[in-house]
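The values are calculated or read from the model by the stated rules, or taken from the named source; none is laboratory data. Keep in mind it's a predicted model, so treat the numbers as computed, not measured. Cβ sites come from the backbone with ideal geometry, for glycine too, and all protein chains shown count toward neighbours.
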Amino acid sequence: MYLDHFGLREAPFRITPHTEFFFAGANRGATLEALIYAITHDEGIVKVSGEVGSGKTMLCRMLLEKLPENVETVYLANPSLSRDEIFHAIAEELQAPLPESRSHLLLRSLQDRLLDIYAAGRQVLLMIDEAHAMPPETLEEIRLLSNLESNRHKLLHIVLFGQPELDDHLGEMSMRQLKERITHNFSLEPLLRNDIGSYVMFRMRAAGYRGPDLFTPGAIQLISNASEGLTRRINILADKALLSAFSENKHQIDNKQVKAAIRDAQFNPKREKHPSLAKWIAGTAVVTGVAVLAYFAGSYNSVSKPTTAIATETPSETVGASKPTATTPAEPAPTPAITAQKPSAAATTNTTVAEKPLTLSERIAATDEWLKTMPDTHFFIQLLSTDGNNTRGVEIFLENNTKALDPQQIRVYRSNLSGRNRLGVIYGGYPSTDAAGADLAKLVDLNPTSNPYIRSVRKLR
């Protein structure tokens, strides 16, 4: 209705997932890449959780498009299948013989078919949407399916997409065996205020809009408050606001149109399950640590056991590794990260340095110098990853969450990995994952709601 009025070739805020409207900001793109890495390089079950309307289905559709050609996918959109029905559904998708009775014969037929696919050099990925709605006995079948393997590799890779209720189900005692097989946990957090403005205009331009920003800052703030950062709600509100502006023959969206959209939408508050998380992320977008570690540094088995998981990541590097303290991580040469650009301050007292902190650009430049001296085989701890335009969020994070850390080991970098402008906050420099794990455990104890994780210098470089 309003397409010609705003110079659009198609509706920009449809709530059905269309991959050409995938927003790679706010860590969505990084999460997608991390998910692909976890699927193609690891053999555990992967879980993706997020609130209703947070973008899980869009991420699922993008995954189907971006996976390598040697990966065959089985997508189950109906989670209410019984234990026998899920075997039949998978076998039918893979064109395996379907015995008329006896579920154990069906499982054997499915395993034989998976072996044939594996012998042809291909992988099979099972993607289950709305997994939180699966009956408990069907979830147990997922565990049995994850046991199908050759003499060296898993035959079936599994990704569960679900609402936060999935975490509740997996926390039950009867689900502990399945939960132990989940090696990577991804969490789609709501968009932040700074991301919402970028998201809205990204959708507009993807739909053909070529003019200046349509939504005023006040309108974006109202959308942010009413939507609680959920992309589906943002789409609904933006669509209604555009319709309201069209009816008034206006070409800018201000508070009046958004308030009308909010009244019409009548959203209920979403469930607030982890209120303490906001204290750690301090207004920034963070990719869950265990998820990104799959992409950046390799296998990471459990947030609750950071040291053990990291030690198994690259065992050849943990033999005989030193174990520095949290305030003086081992490095091959004096690091220029914090003190390089202020030698006079560093030469006096720590108090002087604290009174005159580096600006963000100075920190980034110092980190660039530090990277020049660090071997590819060294590691650091990732504290934060956010959109490259979120400089204020990084500053707030540094102010609120790093006071107990050695300031000379806190570094900020800017990265354009895969064409996306990112800002990151990192800590320390370690010769091995074992050495980094000692400090990682202390950082987790410092703030249990955080998700710091280990990355290699080679991956950052």
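In region 251-280, which residue that is of a type in the set (D, E, K, R), surrounded by 12 or more Cβ atoms within 10 Å (Cβ to Cβ) and over 23 Å from Gly7 (Cα atoms) is modelled with the lowest pLDDT? Steps first, answer last, please.
Quick first cut of region 251-280, residues of a type in the set (D, E, K, R) only: 254, 256, 259, 263-264, 270-273, 279.
Add one more test, that the residue is surrounded by 12 or more Cβ atoms within 10 Å (Cβ to Cβ), and what stays is 254, 256, 259, 264, 270, 279.
Pick out the ones that are also over 23 Å from Gly7 (Cα atoms) and you get 259, 264, 270, 279.
Details: Lys259: 95, Asp264: 93, Lys270: 66, Lys279: 37.
If we take residues in region 251-280 being of a type in the set (D, E, K, R), surrounded by 12 or more Cβ atoms within 10 Å (Cβ to Cβ) and over 23 Å from Gly7 (Cα atoms), then Lys279 is modelled with the lowest pLDDT.
Would you mind finding the one in Val124, Val74 that is crowded, with 18+ Cβ neighbours inside 10 Å, of a type in the set (Val, Ile, Thr) and under 20 Å from Gly44 (Cα atoms)? Talk me through it step by step, then tell me what you get.
Values: Val74 fails: crowded, with 18+ Cβ neighbours inside 10 Å.
Just a single option satisfies the conditions, and that option is Val124.
Of the numbered conditions (1) modelled with pLDDT of 95 or more; (2) assigned to a loop (DSSP other than H, G, I, E, B), Leu242 satisfies every one except a single condition; which is it?
(2)
If only one of Leu105, Leu114 is aliphatic (A, V, I, L, M), closer than 24 Å to Thr40 by Cβ and in the same structural domain as Ser146 (by TED's automatic domain parsing), which one is it?
On the way: Leu105 fails: closer than 24 Å to Thr40 by Cβ.
One residue alone meets the criteria, Leu114.
Quick test of your reading of the structure: Phe13 fulfils all but one of (1) assigned to a loop (DSSP other than H, G, I, E, B); (2) in contact with a helix residue (DSSP H, G or I) (Cβ under 6 Å, 6 or more places away or on another chain); (3) more than 13 Å from Met204 (Cβ to Cβ). Name the failing condition by number.
It is condition (3) that Phe13 fails.
Does Gln177 satisfy the condition of being outside the structural domain of Phe246 (by TED's automatic domain parsing), closer than 27 Å to Pro135 by Cα and at pLDDT 90 or above?
On the way: outside the structural domain of Phe246 (by TED's automatic domain parsing): yes; closer than 27 Å to Pro135 by Cα: yes; at pLDDT 90 or above: no.
No.
Is there any pair linking a residue in region 215-235 that is free of Cβ contacts under 8 Å to residues at least 60 places away in the same chain to one that is of a type in the set (Asp, Glu) and surrounded by fewer than 19 Cβ atoms within 10 Å (Cβ to Cβ), with Cβ under 7 Å and at least six apart or on different chains, and which?
The qualifying pairs are Thr216/Asp254; Gly218/Asp254; Ala219/Asp254.
Taking the residues in region 40-56 that are of a type in the set (Ser, Thr, Tyr) and surrounded by 18 or more Cβ atoms within 10 Å (Cβ to Cβ) as candidates, determine which candidate is nearest to Arg181 (Cα to Cα).
Ser49
List, please: which pairs have Cβ atoms under 7 Å, are six or more places apart or on different chains, and start with a residue in region 397-408 that is in contact (Cβ under 8 Å) with a residue 40 or more places away in the chain and in the same structural domain as Leu423 (by TED's automatic domain parsing) and end with one that is among the aromatic types (Phe, Trp, Tyr) and surrounded by 20 or more Cβ atoms within 10 Å (Cβ to Cβ)?
Asn401/Trp280; Leu405/Tyr427
Cβ-Cβ under 6 Å, sequence separation 6+ or interchain: first residue in region 129-148 and among the small types (Gly, Ala, Ser), partner assigned to a helix (DSSP H, G or I) and buried (at least 21 other Cβ atoms within 10 Å of the Cβ). Which pairs?
Here the result reads Ala131/Leu166, each pair linking region 129-148 to a residue that is assigned to a helix (DSSP H, G or I) and buried (at least 21 other Cβ atoms within 10 Å of the Cβ).
If I ask for residues that are touching a residue at least 60 places away in the same chain (Cβ under 8 Å) and buried (at least 23 other Cβ atoms within 10 Å of the Cβ), which ones from region 360-373 would you list? Don't jump to the end; show me each part of the working.
We begin by selecting, within region 360-373, every residue touching a residue at least 60 places away in the same chain (Cβ under 8 Å); these are 371.
Across region 360-373, there are no qualifying residues.
Do we find a residue being surrounded by fewer than 14 Cβ atoms within 10 Å (Cβ to Cβ), assigned to a loop (DSSP other than H, G, I, E, B) and either on the phi < 0 side of the Ramachandran plot or among the β-branched types (Val, Ile, Thr) (or both) anywhere in region 19-39? Let's see the steps before the verdict.
Restricting attention to region 19-39, the residues satisfying the condition of being surrounded by fewer than 14 Cβ atoms within 10 Å (Cβ to Cβ) are 19-20.
Filter again for assigned to a loop (DSSP other than H, G, I, E, B), leaving none.
The answer is no, given that none of the residues of region 19-39 is surrounded by fewer than 14 Cβ atoms within 10 Å (Cβ to Cβ), assigned to a loop (DSSP other than H, G, I, E, B) and either on the phi < 0 side of the Ramachandran plot or among the β-branched types (Val, Ile, Thr) (or both).
For the subset of region 51-77 comprising residues that are part of a loop (DSSP other than H, G, I, E, B) and out of contact with any helix residue (DSSP H, G or I) (no Cβ under 8 Å at 6 or more places or on another chain), which member is farthest from Arg233 (Cα to Cα)?
Asn70
How do the strands (runs of 3 or more DSSP E) wholly within region 348-455 filter down when requiring 1 or more residues that are among the hydroxyl-bearing types (Ser, Thr, Tyr), at pLDDT 90 or above and farther than 30 Å from Phe22 by Cα: which remain?
Values: elements: 379-387, 410-415, 422-430.
Because the criterion is at least 1 residues that are among the hydroxyl-bearing types (Ser, Thr, Tyr), at pLDDT 90 or above and farther than 30 Å from Phe22 by Cα, the strands (runs of 3 or more DSSP E) in region 348-455 that meet it are 422-430.
Which number in (1) buried (at least 18 other Cβ atoms within 10 Å of the Cβ); (2) in contact with a Ser or Thr (Cβ under 8 Å, 6 or more places away or on another chain) marks the one condition that Glu141 misses?
(2)
Scan Phe186, Phe87, Phe161 and give me the residue that is in contact with a Cys (Cβ under 6 Å, 6 or more places away or on another chain) and closer than 19 Å to Ile45 by Cα. Lay out the reasoning, then the answer.
On the way: Phe186 fails: in contact with a Cys (Cβ under 6 Å, 6 or more places away or on another chain); Phe87 fails: in contact with a Cys (Cβ under 6 Å, 6 or more places away or on another chain).
So the residue among Phe186, Phe87, Phe161 that is in contact with a Cys (Cβ under 6 Å, 6 or more places away or on another chain) and closer than 19 Å to Ile45 by Cα is Phe161.
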